[in-house]
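The values are calculated or read from the model by the stated rules, or taken from the named source; none is laboratory data. This one's a predicted model, so the numbers in the text were calculated from it and none came from an experiment. Positions of Cβ are generated from backbone atoms using ideal geometry, with glycine treated the same way; all protein chains shown enter the neighbour counts.
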Amino acid sequence: MTDALHIQLKRSPPGWRSYPGVMLRSRPPITEVNSPRTITVSVNGLHLRERAAGRYSQVCGFDSRAPLPVTYPHVLAMPLHLRIFTMREFPLRPMGLIHLTNSIETLGDLNARQPLDIDVSAQNYRPTDAGLAFDMTTEIRSEGRALWRETCCFLSRWPESAARPGGRPQRPPKAPKDAAIVAELPVSLRTAWDYARVSNDYNPIHLSDRAARFFGLRGAIAHGMWSLARSLADEPMPVGPATIETQFLTPVQLPARVAIKEWKADGHVRRALCDVRTGRVHMYAWWASD
């Protein structure tokens, strides 16, 4: 294992400036990636902007008068994600990454009066049958106390010529027939652009059919983190410290009509975003309060 790399920034970088490096920097073939180093990027003294958080709440369906959405701190960390993706030390093509799972721990309240310190790390690379997986971890602190943590698991697929065994992926499951319908709504390119503006996530696969097809998709797909946020926007949600786990199964092809469904399984509430026509689950989340 090579030495870890830690970069301390004076300020959070503008996210949009990172995209040329994210999309254009050359990377070695994934089959040649061996023992990547852990990369950490940090910024201290960041302040949450209430107006920006309010716009995010509106786009994702949260009540802007309610406490800060549990998913909003991901937006604060997004410029640091992009900063890592631009670095030549990061070995994988960011445009080919698949967001598999997400885990969020809410440990305390965030507000505009607190100076926030943020660490984001790309680490824990491991080979799987489908490709090379790794974790993008975030910790947000104030005065040394951890307030919010997140782990995003990403996958970079093996090329077809070096495909690992395992066969075709299973078809996404359907929600139980007795699942309650929490909401039903359309999702479009307008939704994707609105979310990009409040999240700094201008990945072109979400914003243009042509760009999405260039990267091997059938057309533009919804942001995974919008799907999670919108699914959690309706009550009831955990109050106080909680852990929210998410499994992303299949992207929402735009335009679409989706239903948010809820049921209980294994002692947890499950909230899913489902295709209205087929009933297939795009993603689902579950949580437990401490």
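For this structure, a couple of remarks:
- Inside the stretch 85-101, residues that are closer than 24 Å to residue 7 by Cα and either touching a Ser or Thr at 6+ places or on another chain (Cβ under 8 Å) or of a type in the set (Phe, Trp, Tyr) (or both) make up a count of 6.
- Qualifying positions in the stretch 93-105 - buried (at least 21 other Cβ atoms within 10 Å of the Cβ) and either outside the structural domain of residue 32 (by TED's automatic domain parsing) or at pLDDT below 95 (or both): 94
- Note on the stretch 114-148: residues that are free of Cβ contacts under 8 Å to residues at least 60 places away in the same chain and either among the hydroxyl-bearing types (Ser, Thr, Tyr) or not in a strand (DSSP E or B) (or both) total 7.
- Hits in the stretch 244-273 - residues which are more than 12 Å from residue 231 (Cα to Cα) and polar (S, T, N, Q): 247, 250, 253
- The stretch 229-264, residues that are over 18 Å from residue 67 (Cβ atoms), without any contact (Cβ under 8 Å) to a residue 40 or more places away in the chain and surrounded by fewer than 16 Cβ atoms within 10 Å (Cβ to Cβ): 264
- Annotation: of all residues in the stretch 216-228 being of a type outside the set (Lys, Arg) and not in a helix (DSSP H, G or I), the one that is surrounded by the fewest Cβ atoms within 10 Å (Cβ to Cβ) is 216.
- Output for the stretch 1-35, where each listed residue is part of a helix (DSSP H, G or I), touching a residue at least 24 places away in the same chain (Cβ under 8 Å) and more than 30 Å from residue 66 (Cβ to Cβ): 18, 19, 21, 22, 23, 30, 31
- Counted residues, the stretch 53-82 - those being outside any loop (DSSP other than H, G, I, E, B) and either surrounded by 20 or more Cβ atoms within 10 Å (Cβ to Cβ) or touching a helix residue (DSSP H, G or I) at 6+ places or on another chain (Cβ under 7 Å) (or both): 16
- From the list 170, 114, the lone residue that is touching a strand residue (DSSP E or B) at 6+ places or on another chain (Cβ under 6 Å) and modelled with pLDDT under 95 is 114.
- The strands (runs of 3 or more DSSP E) located wholly in the stretch 251-290 that include 2 or more residues which are more than 20 Å from the chain's Cα centre (by Cα) occupy 256-265, 268-275.
- Any hit, the stretch 178-198, residues being over 18 Å from residue 57 (Cβ atoms), within 16 Å of the chain's Cα centre (by Cα) and among the aromatic types (Phe, Trp, Tyr): no
- Looking at 85, 90, just one residue is more than 29 Å from residue 287 (Cβ to Cβ), hydrophobic (A, V, I, L, M, F, W, C), crowded, with 17+ Cβ neighbours inside 10 Å and out of contact with any Leu (no Cβ under 8 Å at 6 or more places or on another chain), and that residue is 90.
- Test: residue in the stretch 83-91 that is modelled with pLDDT of 95 or more, assigned to a strand (DSSP E or B) and within 21 Å of the chain's Cα centre (by Cα): no
- Output for the stretch 36-55, where each listed residue is free of Cβ contacts under 8 Å to residues at least 60 places away in the same chain and within 16 Å of residue 89 (Cα to Cα): 37
- Filter result (over 14 Å from residue 253 (Cβ atoms) and among the hydrophobic types (A, V, I, L, M, F, W, C)) within the stretch 187-206: 193, 196, 198
- Residue that is farthest from residue 79 (Cα to Cα) [pool: residues in the stretch 201-215 that are free of Cβ contacts under 8 Å to residues at least 24 places away in the same chain and assigned to a loop (DSSP other than H, G, I, E, B)]: 208
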